[in-house]
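Have a look at the structure below, then the notes.
Any read-out appearing in this document is the output of simple, stated calculations on the displayed coordinates, not a laboratory observation. What you are looking at is a predicted structure, and each value in this text was computed from that prediction instead of being measured. Here the Cβ positions follow ideal geometry from the backbone for every residue, glycine too, while neighbour counts run over all protein chains shown.
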Amino acid sequence: MESEHSIQKKIELALSQHQCHVFRANVGKIRTPDGRFFTTGLPSGYPDLHGFRNVDGKMFYIEVKTKTGKLRDDQIAFHNMLMSYNIIHGVARSVKDALMIVDGGLCGYGYE
C-alpha cells in the first residue's frame with residue numbers, strides 16, 4: 001500500500017501544476033535541548049495541506065490519508081469548524097480526490 005507521505009507529495013505536485021498554490025502544514029512536538037516540549041503553533045487537527053486556487057483566490061484544506069487511514073477526533077472537529085464556514089476541504093486518498101475537492105469547491109468530501 002502506498003504511504004501517506006507518498007500520496008501527499010503527489011498531491012502537492014499535482015495541485016501546484018493545476019493553477020494552485022499549496023503548502024504543507026508541518027505539525028508536531030519536539031523536545032528542546034533543555035528537556036521541554038515545543039508544539040508548533042497550528043491547531044490540533046489542522047489538515048496536512050492548505051492553499052488557494054489562483055483563478056479566484058479561494059482557500060482549500062486537504063487532509064491526506066491512505067486507502068485505509070482513519071480520521072482522528074481532532075481532525076473531525078477541525079472539519080466541523082470548516083463546515084460551519086463553508087470552506088473548501090476534504091479527505092484525499094489520491095491525486096484524483098484532491099483535484100475533485102479543489103476543482104469542485106467541495107466542502108467536507110470524505111469525512112462521512
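Just to verify a number: FRET efficiency for Leu99 and Ala77, C-beta to C-beta distance, R0 = 35 Å, to 0.05? Don't skip to the end; give the middle numbers.
Details: r = 26 Å, r/R0 = 0.74.
Efficiency computed from Cβ-Cβ geometry: 0.85.
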Compute a Gaussian network model of the chain, connecting alpha carbons closer than 10 Å, and tell me which residue from Phe60, Phe52, Phe37 fluctuates the most. Phe37
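Have a look at the DSSP beta bridges in the chain and tell me what percent are antiparallel, nearest 5. Provide the component values of the computation, followed by the final result.
Values: 12 of 19 bridges.
Taking every DSSP beta bridge within the chain, about 65 percent pair in antiparallel fashion.
If you take every residue apart from His5 with its C-beta less than 12 Å away from the C-beta of His5, what net charge results, scoring Lys and Arg +1 and Asp and Glu -1?
0
Sequence gap at least 6, Cα distance under 8 Å: using those rules, report the relative contact order of the chain to the nearest whole percent. Kindly include the intermediate steps, with their values, before the conclusion.
Values: 181 pairs, mean separation 26.8, N = 112.
24 percent.
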GNM top mover of Leu82, Leu99, Leu42 - the chain, alpha-carbon springs below 10 Å: Leu42
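In debye to the nearest 20, how big a dipole does the chain give about its Cα centre with +1 on each Lys and Arg Cβ and -1 on each Asp and Glu Cβ?
Numbers: 14 positive and 12 negative charges, 51 e Å.
Using Cβ point charges on Lys, Arg, Asp and Glu, the chain gives about 240 debye.
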Going residue by residue through segment 63-75, the Karplus relation 6.51 cos²θ - 1.76 cosθ + 1.60 with θ = phi - 60° gives ³J(HN,Hα) values, rounded to whole Hz and with x marking Gly or Pro, of 9, 9, 9, 6, 4, 10, x, 10, 7, 8, 4, 5, 6
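Between Ser16 and Lys29, 0.36 nm times their residue separation minus their Cα-Cα distance comes to what?
Details: separation 13, 0.36 × 13 = 4.68 nm, distance 2.79 nm.
Taking 0.36 nm per residue and subtracting the Cα distance, the gain is 1.9 nm.
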Can you tell which of Ile88, Ile62, Ile76 shows the greatest fluctuation in a Gaussian network model of the chain with Cα springs below 10 Å? Ile76
Between [x] 8.6; [y] 6.9; [z] 7.9, the structure-derived mean projected area of the Cα convex hull in nm² is [z]
Could I have the simple spin-label model distance between Leu42 and His5, label points 7 Å from Cα toward Cβ, reported in nm to one decimal? 1.6 nm
